[in-house]
Amino acid sequence: MTFFGAKRAKKGEVAGDFLSLSQSKLIQGYACVAIIIHHLTQQITEYGYVDKGYITIFNYIGILFTAIFFFFSGYGLITSVYTKEDYLKTFAAKRFPTVLIPFWIINVLGVLLVTLVYGARYTTGEVVSDIFGLTLINSNGWFIIEIVFIYIFFYILFSLIKKKDVAFALLILDVVLLIAYSYFQGHDVGAKSHWFRGEWWYNSTITFVFGMFFARFKERLTAFFNKHYKLFMVLAVVLLVVFYYVSLYMLWRYGYYVENPNGLGKYGKLATLISQMVFCIISVVFVLLLNMKITLGNKVLEYISGMSVE
């Protein structure tokens with residue numbers, strides 16, 4: 001589905017559509033399907049405890065596809081604000097409804113499901129909270145909450161600060177502080193899912209910052225990667241495999257839920273996070289290297305990319 005109809009760039013050249021808006025959407029369309037497979041695999045493997053063959057790998061690599069969405073969010077925002085003079089004037093009116101309206105509609109469907117099918121009883125306050133996402137009836141909706149926060153940071157900083165590079169640096173700081181805040185929140189205790197509770201809220205967010213950097217220094221980074229393309233591709237593949245196993249080991253040995261009294265002790269959680277962050281960055285670099293030489297394009301992928309938010 002992903003590579004059907006794809007075209008390869010000439011030897012030594014970078015594909016003309018590299019990281020274009022259309023290519024970015026197609027890559028996100030692929031990531032969207034992969035995330036769905038990830039969530040389904042979590043259910044059939046009981047979060048990795050039951051081996052179901054090769055598909056079990058999707059239980060552990062969902063983080064990589066979320067990293068792709070974060071990367072393109074960071075890349076897209078910075079590319080737009082630096083190249084489009086009036087970008088901020090229409091930003092709020094266009095960007096927020098795009099992500100919030102599908103989110104609210106799906107929350108309404110979720111409330112109807114648990115009340116009409118499962119017989120759950122709701123107070124008016126609980127209905128409002130679940131529909132608008134103050135509590136998450138579907139815990140997989142966390143991405144929308146987090147990206148909206150980042151959009152707000154972005155909009156305020158670049159609206160108030162005239163020097164874009166200063167706003168750029170402060171946005172990076174805000175995202176890093178958001179990761180740190182989430183890190184110390186732990187996990188939910190009850191049945192309800194609350195904001196910033198759980199490692200999925202922050203273990204792939206670093207690629208948003210990477211996307212910002214790539215957008216700001218795209219020409220130099222692209223030229224550098226292309227000059228040493230074979231070396232970087234070999235390194236990316238090798239490191240992707242290595243850090244898959246490293247992050248997997250860290251998850252099983254230490255993880256995020258408890259502080260293991262042995263080995264790394266209280267630093268086990270931090271070590272797990274670092275290993276997953278590196279894993280995410282390497283995976284995004286691998287995707288970038290592929291897109292430098294391969295231009296995607298087919299009707300199926302275009303259709304899926306057109307509804308990736310939903």
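Observations on the structure shown:
- Volume of the Cα convex hull of region 7-61, divided per residue and given in Å³: 103 Å³
- Flagged links, alpha-carbon separation over 20 Å, of Lys84/Lys164; Lys84/Lys299; Lys11/Lys299; Lys52/Lys299: Lys84/Lys299; Lys11/Lys299; Lys52/Lys299
- Other-chain or far-sequence residues with amide H under 5 Å of Ser193's (modelled H): Leu136
- Karplus-derived 3J(HN,Hα), 6.51/-1.76/1.60, for each residue of region 179-194, Hz, glycine and proline x: 4, 4, 4, 4, 4, 8, 7, x, 10, 5, 9, x, 6, 6, 9, 10
- Ordering of 294-302, 47-55, 188-196 by burial proxy (mean other Cβ atoms within 10 Å per residue, highest first): 294-302, 188-196, 47-55
- In the chain, helices alone account for a calculated mean residue ellipticity at 222 nm of -22000 deg cm²/dmol, with every DSSP H run of four or more residues adding -39,500 (n - 2.57).
- Solvent-accessible area per residue in the chain equals 55 Å², computed with a 1.4 angstrom probe and all protein chains kept.
- Note: relative contact order over region 83-186, using C-alpha pairs below 8 Å and six or more positions apart, is 24 percent.
- Among the GluC sites (Glu not before Pro) within region 73-146, those in coil by DSSP and having at most 11 neighbouring Cβ atoms inside 10 Å are Glu85.
- Two-decimal log10 I(q)/I(0) for the chain, as the Debye equation yields it once each C-alpha is a single scatterer, q = 0.12 Å⁻¹: -0.91
- Using the Cα coordinates of region 176-310, the gyration tensor eigenvalues translate into equivalent-ellipsoid semi-axes of 31, 21, 14 Å, sorted from longest to shortest.
- Cross-link reach list, aspartates and glutamates versus Lys162, counting only Cα pairs under 19 Å and skipping chain neighbours closer than eight places: Glu85, Asp86, Asp174
- The magnitude of the dipole of the chain, with charges of +1 and -1 set on the Cβ of Lys/Arg and Asp/Glu and taken from the Cα centre, is near 1000 debye.
The values are calculated or read from the model by the stated rules, or taken from the named source; none is laboratory data. Everything numeric in this text was worked out from a predicted model, so none of it was measured. Ideal geometry is used to build each Cβ from the backbone, glycine not excepted, and the neighbour counts take in all protein chains shown. Just the protein is used for accessible areas: all its heavy atoms, side chains included, with ligands, DNA and RNA removed. Shrake-Rupley method; radii C 1.70, N 1.55, O 1.52, S 1.80 Å.
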